[in-house]
1. Looking at Leu129, is it touching a strand residue (DSSP E or B) at 6+ places or on another chain (Cβ under 6 Å) and either over 18 Å from Ala156 (Cβ atoms) or in contact (Cβ under 8 Å) with a residue 60 or more places away in the chain (or both)?
2. Inspect segment 41-54 for any residue being among the basic types (Lys, Arg) and at pLDDT 95 or above and give the result as yes or no.
3. Going by what's in this entry, would Gly74 be described as modelled with pLDDT of 95 or more, over 26 Å from Arg128 (Cβ atoms), assigned by TED's automatic domain parsing to the domain that holds Gln114 and not aliphatic (A, V, I, L, M)?
4. For segment 138-152, how many residues meet the condition of being surrounded by 13 or more Cβ atoms within 10 Å (Cβ to Cβ) and either in contact with an Asp or Glu (Cβ under 9 Å, 6 or more places away or on another chain) or assigned to a strand (DSSP E or B) (or both)?
5. When segment 41-76 is examined, which residues are found to be more than 26 Å from Arg162 (Cβ to Cβ) and among the small types (Gly, Ala, Ser)?
6. Just to be sure, is Ala47 among the hydrophobic types (A, V, I, L, M, F, W, C), surrounded by 15 or more Cβ atoms within 10 Å (Cβ to Cβ), in the same structural domain as Tyr153 (by TED's automatic domain parsing) and in a loop (DSSP other than H, G, I, E, B)?
7. Of the residues in segment 6-40, how many are without any contact (Cβ under 8 Å) to a residue 12 or more places away in the chain, closer than 24 Å to Phe109 by Cβ and not in a strand (DSSP E or B)?
Amino acid sequence: MFVPTYCPACATALTDIELMEDSGPTTRLRCPACGWTHWNNPTPVLAAIVEYRGQVLLARNAAWAHKAYALITGFMEAGETPEEGITREIKEETNLDASALKLVGVYEFKRMNQVIIAYHAVADGEVRLSPELVDYKLYDLGDVKCWPAGTGYALADWLRTRGYEPQFTEWPRRVDPPAEA
């Protein structure tokens, strides 16, 4: 997660300044010269539990050092709804056409300062991965393992709606879990 060192408006070094906000005193990075404030608000990230031919599609990101597989994720573009955004991400990353979108829930991912908006999508077509992804696997609903992070909790919640008690696995200990997007 990027945290600025200098003010983007006047290039003065930012400092921690205590501000009185509605919720009480809060420390934020602020420019002492012009008053610009780095709010550090969470970034919304879209995630999809892609159901493909009756199975769950999980993919491995090319940037990940470990072999973990996860949901299809991405950022919303300006001017699109979350539904349009996740439909676009599914198409861009897997070449699949999504239908029957349904919101699963909203999940925190504090480590990356993100809020995950998770959907279930039924998808069809021929899988062709974008260069962002190096592999995918299809899992029967009873065999898919969840992970202890935002999108893993979304997958667990969705599995419960389908009558499955989720099984959790741990991420590899030698590296951090993957970023959501």
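1. Taking the combined requirement at face value, the residue does not satisfy it.
2. yes
3. no
4. Qualifying residue count for the region: 9.
5. Ala62, Ala63, Ala65 - these are the residues of segment 41-76 that are more than 26 Å from Arg162 (Cβ to Cβ) and among the small types (Gly, Ala, Ser).
6. No, not satisfied.
7. 2
Here's the yes/no breakdown for (1) within 25 Å of Arg53 (Cα to Cα); (2) crowded, with 17+ Cβ neighbours inside 10 Å:
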{"site": "Val104", "(1), (2)": "yes, yes"}
{"site": "Tyr107", "(1), (2)": "no, yes"}
{"site": "Lys110", "(1), (2)": "no, no"}
{"site": "Ala121", "(1), (2)": "yes, yes"}
{"site": "Asp124", "(1), (2)": "yes, no"}
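The values are calculated or read from the model by the stated rules, or taken from the named source; none is laboratory data. As the structure is a prediction and not an experimental result, all values here were calculated from the model. Neighbour counts run over all protein chains shown; Cβ positions are idealised from the backbone, glycine included.
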